[in-house]
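The values are calculated or read from the model by the stated rules, or taken from the named source; none is laboratory data. Computed from a predicted structure; not experimentally measured. So basically every Cβ, Gly included, is an ideal-geometry build from the backbone, and we count neighbours across all protein chains shown.
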Amino acid sequence: MTSSESADLFARSWSLYDHITEHNYMFHQEIYAELSELLKQRHDAGQYHMLDLGCGNARYLVPALMESLPGHYQGVDLSQTALDEAADYLVKLPSVTLTHGDLLRAVESTSDKWDVIFTGYALHHLPAEDKAKFFQAAARCLSAGGWLVMVDVVRQERQSREHYLEGYLKFMRETWSKVPPDQLDEACAHVESYDFPESRSTLNEMAQTSGLNRSRLISQYAQHHTLLFAGDQLKY
């Protein structure tokens, strides 16, 4: 998916995203409560800098950030509309940079060290070779003891993409009952065309190859996982 396609998708799907989060269809309430606890642990260990890749408008992350203020927060997203809204939500943070761009290019090009790299429901859009590049770049720019925290859909072990899609589309059509039918059809078409989730073992292998030798499953709600990756100096 190109940058322009992703930006257009965000603009068309804003009300759909509101429906999904309002009715907690992708477990945002539970996941972001857990992220809040993680960031408290990170904050207790000292001031941290955070890179948020595919940040959207950041509204669900903001309460966690306000409880555990980062020394600096940088958000990256393909949608300028989302970033404009994020600026309003993040206005009370002490130091914020918002960057319009592609998440892989952003993490590959950064020269900074980050204590927390976060990506939410974004990495599964990348092909496998780009996911591997993402892990390599993240490992390079994490600080000692830093965390890569990933919220995303994950395939079961030895499950084909086709079998995964069959189950996830069934989940959407049976569960997302408050989503208008035309928007649900569009969401299903998007998933079928652009979702390429990996198994947890594949993600772990990509991480380990990049030097992120430690991983932790924070939570799992059906296909929706929160995973933490770090190097040998993992602190949590």
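Scanning region 108-132 for residues that are out of contact with any strand residue (DSSP E or B) (no Cβ under 6 Å at 6 or more places or on another chain) and not hydroxyl-bearing (Ser, Thr, Tyr) yields GLU108, ASP112, ALA122, HIS125, LEU126, PRO127, ALA128, GLU129, ASP130, LYS131, ALA132. The residues on offer are GLU186, GLU174, GLU192, and the sole one that is out of contact with any Cys (no Cβ under 9 Å at 6 or more places or on another chain), free of Cβ contacts under 8 Å to residues at least 12 places away in the same chain, in a helix (DSSP H, G or I) and surrounded by fewer than 17 Cβ atoms within 10 Å (Cβ to Cβ) is GLU174. Just so you know, in region 59-85 the residues that are touching a strand residue (DSSP E or B) at 6+ places or on another chain (Cβ under 6 Å) and either aliphatic (A, V, I, L, M) or outside any helix (DSSP H, G or I) (or both) include one that is farthest from GLY145 (Cα to Cα), and it is LEU83.
Condition check for VAL179 on (1) closer than 30 Å to HIS23 by Cα; (2) modelled with pLDDT under 95; (3) part of a strand (DSSP E or B); (4) of a type in the set (A, V, I, L, M): one failure, at (3). Report whether or not ALA106 is over 17 Å from the mean Cα position of the chain (by Cα) and either part of a strand (DSSP E or B) or more than 28 Å from TYR221 (Cα to Cα) (or both). The answer is no for ALA106.
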